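For reference, the structure is listed below as structure tokens.
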Amino acid sequence: MKLATLHDGSRDGRLAIVSTDLRKCRVVGGSFPSMQSALDNWEKAMPELLEARAQLDAGAGVLRFDPSQAMSPLPRAYQWADGSAYINHVELVRKARGAEVPESFYTDPLMYQGGSDSFLGPRDPILASDAAHGIDLEAEVTVVVGDVPMGAEPQRAGEEIRLLMLINDVTLRALTASELAKGFGFFQSKPSSAFSPVAVTPDELGSAWDGRRLHLPLCVDVNGVPFGRANAGVDMTFDFPTLISHAARTRPLAAGTIIGSGTVSNKFGGDPGKPVAEGGAGYSCLAEIRMVETIRDGAPSTPFLGFGDRVKIWMESAGGESLFGEIEQTVQQYGGP
């Protein structure tokens, strides 16, 4: 199934079933008006979701699916925890700020807890008060889980994966170093993130999803130019069950918790990476190409995002169909409340 949340004037929107081709949808209604209500009662909700899907297929109550009218599938969540499962990304961004990668990072997942009270929809702008903050995109894959017990081992944790989504985890690079130097992690450097128009159940992904990793390229364009085509199933040091288990080590995770993969990042022939224009897989964030440019040329030449710049993030099946819809955002200057 593909699920979306439609604007209805409320904070949590209305849960809808979306057709596989992302052209049609139908409001679920009934006992489960929101995505969170369905996740809270997944087993009870499933028959109603399947019935709504059958009615959609039969043409009953069908609406045109308009991504511009979609909120984030979860407009707000009880918890959003982002891992950093692609060590190539960790190595590059830490080099960018002159920091070494501790040996433990290769055996113990890195994870931070982000803000989850104000997610952006797939067409909402990236708002920033100052372009000098170093506005960066970060394209990732995320999973949404059911209730995960504290101390769950990876196999048990993986059983609770309910949905998958894409995310643009926006980062203000000029603010990260000073924040991390305080020893308390990200806060101001991590504004609201944007999610794909739909969340999908694992069965929608076929053989590309093996229960641990999603083996498809994550596509990123910047201002209409191909920027990233890194394969999410390649170079992922820590798989999703491991990331979920890590998050649940000392506390249970409530249904609706979102766990991120971190920026998808591939090496290229043993090198840190290579641009799409040069035949490589490209990058899923600007910090990586800037670091590669620094290694190669002595200084970065690719700027961070500026006002008016456009970002597009999506993923296609082996047959070329868009699986999650497209995140399409423009960077805009914040004008105040």
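Here are the numbers:
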quantity	calculated
Filter pass, residue 227 being among the aromatic types (Phe, Trp, Tyr), in a loop (DSSP other than H, G, I, E, B) and closer than 30 Å to residue 333 by Cα	no
Scan of the stretch 91-107 for residues that are part of a loop (DSSP other than H, G, I, E, B) and under 14 Å from residue 262 (Cβ atoms), ordered by number	101
Selection status of residue 238, open to solvent by 30 Å² or more (accessible area, probe 1.4 Å), among the aromatic types (Phe, Trp, Tyr) and either part of a loop (DSSP other than H, G, I, E, B) or farther than 26 Å from residue 189 by Cβ (or both)	no
Lone qualifier among 136, 130, 124, 117 - being of a type in the set (D, E, K, R), in contact with a helix residue (DSSP H, G or I) (Cβ under 6 Å, 6 or more places away or on another chain) and either under 30 Å from residue 271 (Cβ atoms) or open to solvent by 20 Å² or more (accessible area, probe 1.4 Å) (or both)	136
Candidate set: the stretch 42-82, residues that are assigned to a loop (DSSP other than H, G, I, E, B) and either among the aromatic types (Phe, Trp, Tyr) or farther than 18 Å from residue 23 by Cα (or both); chosen: the one most open to solvent (accessible area, probe 1.4 Å)	78
Residue count for the stretch 140-170, restricted to those that are under 20 Å from residue 90 (Cα atoms) and either in contact with a Leu (Cβ under 9 Å, 6 or more places away or on another chain) or surrounded by fewer than 24 Cβ atoms within 10 Å (Cβ to Cβ) (or both)	7
Residue check, residue 287 at pLDDT 95 or above and either touching a strand residue (DSSP E or B) at 6+ places or on another chain (Cβ under 9 Å) or among the hydroxyl-bearing types (Ser, Thr, Tyr) (or both)	no
Condition broken by residue 222, with the remaining ones in (1) open to solvent by 50 Å² or more (accessible area, probe 1.4 Å); (2) at pLDDT 95 or above satisfied	(1)
For residue 250: the one exception among (1) under 22 Å from residue 88 (Cα atoms); (2) open to solvent by 60 Å² or more (accessible area, probe 1.4 Å); (3) part of a loop (DSSP other than H, G, I, E, B)	(1)
Within the stretch 171-190, tally of residues that are surrounded by fewer than 24 Cβ atoms within 10 Å (Cβ to Cβ) and either touching a helix residue (DSSP H, G or I) at 6+ places or on another chain (Cβ under 8 Å) or closer than 19 Å to residue 312 by Cβ (or both)	9
Options 233, 185, 211; residue that is in a loop (DSSP other than H, G, I, E, B), among the small types (Gly, Ala, Ser) and either in contact (Cβ under 8 Å) with a residue 60 or more places away in the chain or within 24 Å of residue 128 (Cα to Cα) (or both)	185
The one condition in (1) touching a Gly at 6+ places or on another chain (Cβ under 9 Å); (2) free of Cβ contacts under 8 Å to residues at least 40 places away in the same chain that residue 283 fails to fulfil	(2)
Residue count for the stretch 289-334, restricted to those that are open to solvent by 80 Å² or more (accessible area, probe 1.4 Å) and farther than 20 Å from residue 4 by Cβ	11
Residue match in the stretch 266-278 (condition: within 24 Å of residue 143 (Cβ to Cβ), touching a Leu at 6+ places or on another chain (Cβ under 6 Å) and in a loop (DSSP other than H, G, I, E, B))	no
Search result, residues across the stretch 91-147 that are of a type in the set (A, V, I, L, M) and free of Cβ contacts under 8 Å to residues at least 40 places away in the same chain	99, 101
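The values are calculated or read from the model by the stated rules, or taken from the named source; none is laboratory data. On a predicted model such as this, the values are computed, not experimentally measured, just so you know. So basically every Cβ, Gly included, is an ideal-geometry build from the backbone, and we count neighbours across all protein chains shown. We work out accessible area using only protein heavy atoms, side chains counted, and drop any ligands, DNA or RNA first. Shrake-Rupley method; radii C 1.70, N 1.55, O 1.52, S 1.80 Å.
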